[in-house]
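The values are calculated or read from the model by the stated rules, or taken from the named source; none is laboratory data. The shown structure was predicted, so the numbers you read here are calculated from the model rather than taken from an experiment. A quick note on method: Cβ atoms are made from the backbone with ideal geometry, for glycine too, and the neighbour counts reach across all protein chains shown. Ligands, DNA and RNA are stripped out before the accessible areas are found, and what is left, the full protein with its side chains, is counted by its heavy atoms. Shrake-Rupley method; radii C 1.70, N 1.55, O 1.52, S 1.80 Å.
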Amino acid sequence: MSYVDGFVLAVPQAKLDEYKEMARKASDVWMDHGALAYVECTGDDVPYGELTSFPRAVQAKDDELVIFSWVVYKSRQDRDEILAKVMADPRLKGDMENMPFDGKRMIYGGFESFLDVQKEAAL
C-alpha cells in the first residue's frame, strides 16, 4: 500500500497567487524526486465548527483560506528518501525561507494507507 503525507494550513487570500506559484514549483520538485502524486486544494466548503473543523485546526483568520494537500509515495521508505532529496533541492530554498503562510499553524503528518479505491481515468 502507498504512503501519504497530508497537510492543512491557512493562506491569506492576498497571498493565494503567491502560494499557488510556490505549490506548482514544489509539485515539480516532489514529482522529479519520485512522488507518485501531489495534490493541492483550496477550501470551498469548510464551515467553522463548534468544537473542531479545518478552520479551527489551523486558526484561520477571516481573510484566510484553508488549504488541504497531500503527496503520495510508494512506501514510507520511498517517502523518507524522497523527502530528504526535496529538502536538499535548491529550487525550494528561497520558498522555504519566505513562505506565504504561517508555518507554525500548519498541520502535517505521514499516513500509511490501508484502503485505496480508485476509478481508472477515462482516456
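Annotations
- Any chance Thr42 is touching a helix residue (DSSP H, G or I) at 6+ places or on another chain (Cβ under 8 Å), closer than 20 Å to Val8 by Cα, open to solvent by 60 Å² or more (accessible area, probe 1.4 Å) and modelled with pLDDT of 95 or more: yes
- Residue count, region 1-16 (criterion: in contact with a Pro (Cβ under 9 Å, 6 or more places away or on another chain) and charged (D, E, K, R)): 1
- Residue-level analysis places Ala37 outside the set of residues that are open to solvent by 40 Å² or more (accessible area, probe 1.4 Å) and among the small types (Gly, Ala, Ser).
- Single unsatisfied condition, Glu50 versus (1) closer than 23 Å to Leu115 by Cα; (2) open to solvent by 80 Å² or more (accessible area, probe 1.4 Å); (3) outside any helix (DSSP H, G or I): (1)
- Residues considered: Gly103, Gly110. Of these, the only one that is at pLDDT below 95 and open to solvent by less than 50 Å² (accessible area, probe 1.4 Å) is Gly103.
- Only listed residue being acidic (Asp, Glu) and not in a strand (DSSP E or B), chosen from Glu18, Glu40: Glu18
- Residues satisfying the stated conditions in region 58-74, i.e. without any contact (Cβ under 8 Å) to a residue 60 or more places away in the chain and either surrounded by fewer than 16 Cβ atoms within 10 Å (Cβ to Cβ) or of a type in the set (D, E, K, R) (or both): Gln59, Lys61, Asp62, Asp63, Glu64
- Region 17-66, residues that are under 25 Å from Pro90 (Cβ atoms) and of a type in the set (A, V, I, L, M): Met22, Ala23, Ala26, Val29, Met31, Ala35, Leu36, Ala37, Val39
- Qualifying residue in region 83-91 (condition: closer than 22 Å to Glu112 by Cβ, touching a His at 6+ places or on another chain (Cβ under 7 Å) and open to solvent by 30 Å² or more (accessible area, probe 1.4 Å)): yes
- Remark: pairs (first residue in region 95-123, in a strand (DSSP E or B); second residue of a type outside the set (Asp, Glu) and at pLDDT below 95; Cβ separation under 7 Å; 6+ apart in sequence or on different chains) = Glu112/Met1.
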